[in-house]
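For reference, the structure discussed in these notes is given below.
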Amino acid sequence: SLPLPFEKKRKKRSLPKMFPGERPPEKLSSIIMNKVGCRKFFLYFFLVILIAVLFVLLVTRPLICIVAYGTEDDYRTSYKTYDKSSMNIIYVVTEGLSPSSSTFARLLLGKDYPLPLDDGFAGITKTLSRSSGIPDAAAGSTALSCGLLGYNGGVGVILDSKNSSPLNIPDGVNDPEPCASIFEASISLNYTAGIVTTGSLTQGSAPSFFAHMTSSVYEEKIATQLLERTGPIDLIFGGGRSKFNQRLDRRDLISEMKAVGYNYIDSFNEDDLKDMPLPLLGLFADDHLAYAIDRRNGGVEGQASLSEMVQVALDKLHDVDGRFFLLVDARNIAAAAHNHDATAHYYEIMELQDTVETIRNFVTKKDFNTVVVVATDHNVGGLSVGSDDHSQDAEEADIPRSMWSPKELFKQTRSAEFIFNSIISSVNGVKFNITEDVVREAFALAGVEDLRAFEIDHVRNGFSNADEAVALLYVGDVLSWRGQVSWSTLGNVNSDSFFYNFGYRPADLSGVLSAVDVPRILAHDLGIWSRMNSLTSSLTKQSADLPPYLPPKI
């Protein structure tokens, strides 16, 4: 008899296969409908998605880290293990670099043009002085070096160790006390040390890191302290030569420093420097170094850019076993602002940007175990882009209102100081004999050939003044007027400043800080603060040797 239908033996269906060498399915739907095939399908689908995600993460990792850490440089070092016991310190002081100065430089390059400094933005510092709401270079740099509030004119000194009231200076200052800087404390901990500045080594911010003086007017005494300090500074590049070998006391500090082992150069030449060992002293000008605008347009010999000097310094310091501390002072940014020389100010800012790029390359390619801090000690001039009026004569010249003219600024090929010196040399130093032709010829040497009558009169009026600084300021006024950049004062101004951090990033070094917090946080993080305190105690015993207090210069 025939079997019943339910007794019929069923054939086993072979599962469809999906890979080469296996029998392909007739229809995709048959796989999906089959439970085992469905599991395989989703398993392989999941693996494909997982591989794709991993690939995307691998490719976009630099971008993710840049977002997280701020820059590509920080990404490259973010996964490194830092060793604080051997960490290098690069401390850059940007004298006179206000937020408006950075805006001005960016606008000259092009709207929203990124600058190398921008990538390391860490926060805002409040610049203060114990004696004034407007700090000068001495007070501002004392805050950045010692982590304590100084007073205007005081170099690496405070009024008392409590230092509690920021705007209350007692009458008859006669007992300032030295305060140890983070730079000095590092030297006492056997860091190899270097200083590079575009200014005089006895002026501006640099002295507050190695000297202690009741007033910044004692420049020769500051130079003496550079020689007589207890800890060695292995590399010194900058200006101020006249305070070393053309002194009132007739001492020749250059010879004395050579006698204690320094190799001395008065002209910068990279080939000569390659085989020259530390300690090294380079004094390349009697006063500050030439402005970048003058050096780049020729006529300046034996000097280098800030970035070139820093590159040599980094190479030299890195070749020595152990950690190093390099102090960089971009002094000429402030010097150009004091002269109201907008174009020279711009060139100095861009030279700083080149220097920052040099430092970043060192950190990422040569020694990642480095902390880089860039901070401003004080602001100068009160620069603003665009102006309503320059003088009563400006209206007659039909100058547009609320405009600015960058093309006029780029015509300028020399600094205001160069024009000033050209005028003085043309009249053999007789400032009261400045004719219109003399003014026109001097400005023409700087690329400015279309002076207007009121501008010539303004320059001549400046030279009729007995103060050379005023005459120089009047030259700068005319150069800035033409680009419609204005300045509020020839002196200092107060405004919050930006600070930056590259390489290793201390956890608390960000946000809105007082200037004194910057060295404090850095020193605490690296274990240097206790040494700063002990050194300050020992230096206080020497305060009786300080000269009497003198009112600070403008």
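Using a 1.4 Å probe and ignoring any ligands, DNA or RNA, find the accessible area of Lys366 and quote it in Å² to the nearest 10.
Accessible area of Lys366: about 100 Å².
Are any of the pairs Lys316/Lys366; Lys274/Lys365; Lys221/Lys274; Lys258/Lys316 more than 24 Å apart by Cα-Cα distance, and if so, which?
Lys221/Lys274
Just to confirm my numbers, what's the Cα centroid distance between segment 230-269 and segment 504-524 in Å?
Result: 33 Å between the Cα centres.
If you add up the charges near Ser141, with Lys and Arg at +1 and Asp and Glu at -1, over every other residue whose beta carbon is less than 14 angstrom from its beta carbon, what do you get?
Charge balance in the 14 Å sphere: -3.
With every protein chain left in place and a probe of 1.4 Å, what is the accessible surface of Glu357, to the nearest 10 Å²?
70 Å²
Could you tell me what % of all Cα pairs in segment 185-310 have separations over 24 Å?
Counting every Cα pair in segment 185-310, those more than 24 Å apart make up 25 percent.
Tell me which residues come under 5 Å, amide H to amide H, from Tyr264 once H is placed; ignore anything under 5 positions away on its chain.
Residues meeting the criterion, in which the H sits 1.01 Å from N, are Leu281.
Return the sequence-ordered ³J(HN,Hα) values of segment 505-514 in whole Hz as given by the Karplus equation 6.51 cos²θ - 1.76 cosθ + 1.60 applied to θ = phi - 60°, using x for Gly and Pro.
These are the phi-based 3J(HN,Hα) values: 10, x, 4, 9, 8, 6, x, 9, 10, 7 Hz.
In what sequence, largest accessible area first, do Leu47, Leu281 appear using a 1.4 Å probe?
Correct descending sequence by accessible area is Leu47, Leu281.
Where does each of His288, His318, His345 land when they are ordered by accessible area, with a 1.4 Å probe and the largest first?
His318, His288, His345
Tell me, what is the percent relative contact order of segment 213-271, built from C-alpha pairs under 8 Å that lie six or more residues apart?
27 percent
So what's Rg/Rh here for segment 263-352, counting alpha carbon atoms and using the Kirkwood radius for Rh?
Ratio of gyration radius to Kirkwood radius: 1.00.
Against the 2.2 N^0.38 Å scaling, with N counting residues, where does segment 434-483 land? I'd like the Cα-based Rg ratio to two decimal places.
1.02
Hey, any idea what % of segment 253-308's accessible area is carbon plus sulfur with a 1.4 Å probe?
Its accessible area is 39 percent carbon and sulfur atoms.
Calculate one ³J(HN,Hα) per residue across segment 86-93 by plugging θ = phi - 60° into the Karplus curve 6.51 cos²θ - 1.76 cosθ + 1.60, and present them in order as whole Hz with x for glycine and proline.
Once rounded to whole Hz, the list reads 10, 7, 7, 10, 10, 10, 10, 9.
What residues have an amide H closer than 5 Å to that of Ala193, excluding those fewer than 5 places away on the same chain, when H is modeled at 1.01 Å from N in the peptide plane?
Here the answer is Asp234, Leu235, Phe325, since their amide H atoms fall under 5 Å of that of Ala193.
Taking 8 Å as the Cα distance limit and 6 or more residues as the minimum spacing, I'd like the relative contact order of segment 400-546 as a percentage.
In percent, rounded to a whole number, it is 21.
Net charge near Pro207, counting Lys/Arg +1 and Asp/Glu -1 over other residues with Cβ under 13 Å of its Cβ?
After counting each charged neighbour, the total is -3.
Need the C-alpha centroid separation for segment 363-378 versus segment 287-309, integer Å.
First find each Cα centre; the distance between them is then 23 Å.
Hey, can you grab everything whose amide H is under 5 Å from the amide H of Gly199? Only 5+ residues off in sequence or another chain; H modelled, so Pro and N-termini drop out.
Gly239, Leu289, Arg331, Asn332
When the solvent-accessible surface of protein heavy atoms is calculated with a 1.4 angstrom probe, in what order do Arg296, Arg440 fall, highest first?
Result of the area sort, largest leading: Arg296, Arg440.
Just the accessible area for Arg241, please: 1.4 Å probe, Å², rounded to the nearest 10?
50 Å²
Where in segment 175-196 does the label zone of Val320 land, with the point 7 angstrom along Cα→C-beta and an amide N cut-off under 11 Å?
187-188, 190-195
Convert each backbone phi in segment 353-358 into a coupling constant with the Karplus relation 6.51 cos²θ - 1.76 cosθ + 1.60 (shift: θ = phi - 60°), then list the ³J(HN,Hα) values in order as whole Hz, x for Gly and Pro.
Here the 3J(HN,Hα) series is 4, 4, 5, 4, 5, 4 Hz.
The values are calculated or read from the model by the stated rules, or taken from the named source; none is laboratory data. Given the structure is predicted, the values throughout are model-derived calculations rather than measurements. Neighbour counts are summed over all protein chains in view; Cβ atoms, including those assigned to glycine, are modelled from backbone coordinates with ideal geometry. Please note that ligands, DNA and RNA were not included when accessible areas were found on the heavy atoms of the full protein model with its side chains. Shrake-Rupley method; radii C 1.70, N 1.55, O 1.52, S 1.80 Å.
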